[in-house]
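Beneath this line is the structure, given in structure tokens, with notes to follow.
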Amino acid sequence: MKLQKKIVTNKNLRKFNSLQISVKSKYYLECKTDSDLDVAFQFIKKNKIKFLILGEGTNVVFTKPFEGLVIKNAFKKEKKIYKNKVKVSSGYNWDRFVSFCIKNSLYGLENLSGIPGTVGAGPIQNIGAYGAEISDYIEHIEVFNFKTGNIEILNNMNCNFDYRNSLFKKNKHLFIKNIFFELKEKFIANNSYQDLQVYNFKKASELRKSILKIRNQKLENYLIKPNVGSFFKNPLIKKKDLKKLLSQEADLKFYKHNELIKVSAAWLIERCNFKGMQFNKARVSKKHSLVLINEDKSPNSIINLKNKIKNIVLTKYNIRLEEEPTIIS
């Protein structure tokens with residue numbers, strides 16, 4: 001197989017995933033330009049191989065070597081403001097982008113401060129925190145379709161945004177190139193989250209500072225303790241199932257979510273006595289029970305720990321926890 005100069009073989013991905021799992025990708029290509037995307041497209045088409053689009057790797061779990069092409073998103077061409085709208089390339093760091101918006105008096109994203117990863121990863125997961133979701137501010141998204149080789153525009157409605165979900169979760173052939181945000185020109189603090197209600201924020205920078213402080217207190221820094229943030233989604237259950245759970249656990253932590261009930265996954269995990277538990281070379285954080293810390297070059301410890309948690313929660317509460325990061329198998 002003749003390789004284009006830009007394509008690297010047997011690339012170790014340890015530095016490209018926040019769990020620091022040492023796995024190799026058979027082929028690897030860093031995409032900075034449209035021509036790089038075309039190189040990737042032609043290579044995939046010609047060799048009929050699978051591929052994976054990778055941002056900063058803060059929300060992926062590699063379970064084995066990747067027998068295909070890893071396309072590393074390094075798109076950073078665009079960052080333009082049009083009145084209250086911003087066009088930004090997907091390879092930019094998310095938190096730096098939030099800071100950029102605040103400095104340019106564009107508001108709405110401050111509650112999402114401190115979330116690791118790229119701008120392009122945000123819509124896939126429909127990232128949310130402290131009473132805000134990214135989908136509230138996305139106007140449309142420009143994508144490169146790896147099935148057709150075409151560039152497409154998807155408006156907000158086309159993206160099928162839902163709780164930690166979107167069209168992109170199941171359509172992994174869509175490479176997010178640029179995102180168009182519609183933001184607010186006047187700052188109105190979103191302090192709906194309980195820990196923020198005691199403050200009267202006058203500036204977005206003050207709200208951002210508080211968000212970063214809360215995150216630092218509650219979550220682990222993946223650069224120091226390898227993790228992917230919240231490992232499990234808060235499960236959604238039917239109202240009829242809530243009554244049964246409350247009869248079992250009167251102090252169950254839950255919230256209303258449209259016609260369903262959102263149960264606290266952290267609460268469930270803590271009730272199963274997992275907080276702080278060590279299992280081989282992985283452990284549950286003492287700070288936050290949704291954070292699993294990895295201290296193993298292989299994926300075995302973290303996979304075994306997450307399976308153990310899922311099995312015990314299912315046995316005790318008949319609730320099937322779903323992973324929040326993408327499991328690459």
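FYI, it's all coordinate maths here, none of it is from the lab. Predicted model only: the values in this text are computed from it and were never measured. No Cβ is skipped: glycine too gets one built from the backbone with ideal geometry, and neighbour counts run over all protein chains shown.
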Which of the residues that make up the stretch 126-166 are part of a loop (DSSP other than H, G, I, E, B) and either touching a residue at least 40 places away in the same chain (Cβ under 8 Å) or in contact with an Asp or Glu (Cβ under 6 Å, 6 or more places away or on another chain) (or both)? ASN126, TYR130, GLY131, TYR137, PHE146, GLY149, TYR163, ARG164, SER166
If LYS77 meets every condition in (1) among the charged types (D, E, K, R); (2) within 15 Å of the chain's Cα centre (by Cα); (3) outside any helix (DSSP H, G or I) apart from one, which number is that one? (2)
Scanning the stretch 205-225 residue by residue, the ones that are assigned to a loop (DSSP other than H, G, I, E, B), surrounded by 12 or more Cβ atoms within 10 Å (Cβ to Cβ) and of a type in the set (Val, Ile, Thr) total 0
Out of the residues in the stretch 103-112 that are out of contact with any strand residue (DSSP E or B) (no Cβ under 7 Å at 6 or more places or on another chain) and buried (at least 21 other Cβ atoms within 10 Å of the Cβ), which is farthest from GLU78 (Cα to Cα)? GLU110
Looking only at the stretch 23-62, count every residue that is among the polar types (S, T, N, Q) and in contact with an Asp or Glu (Cβ under 9 Å, 6 or more places away or on another chain) and tell me the total. 2
Checking VAL228 against (1) part of a loop (DSSP other than H, G, I, E, B); (2) among the β-branched types (Val, Ile, Thr); (3) under 22 Å from GLN194 (Cβ atoms), which single condition isn't satisfied? (3)
The one condition in (1) part of a loop (DSSP other than H, G, I, E, B); (2) among the hydroxyl-bearing types (Ser, Thr, Tyr); (3) farther than 30 Å from TYR107 by Cα that SER247 fails to fulfil: (1)
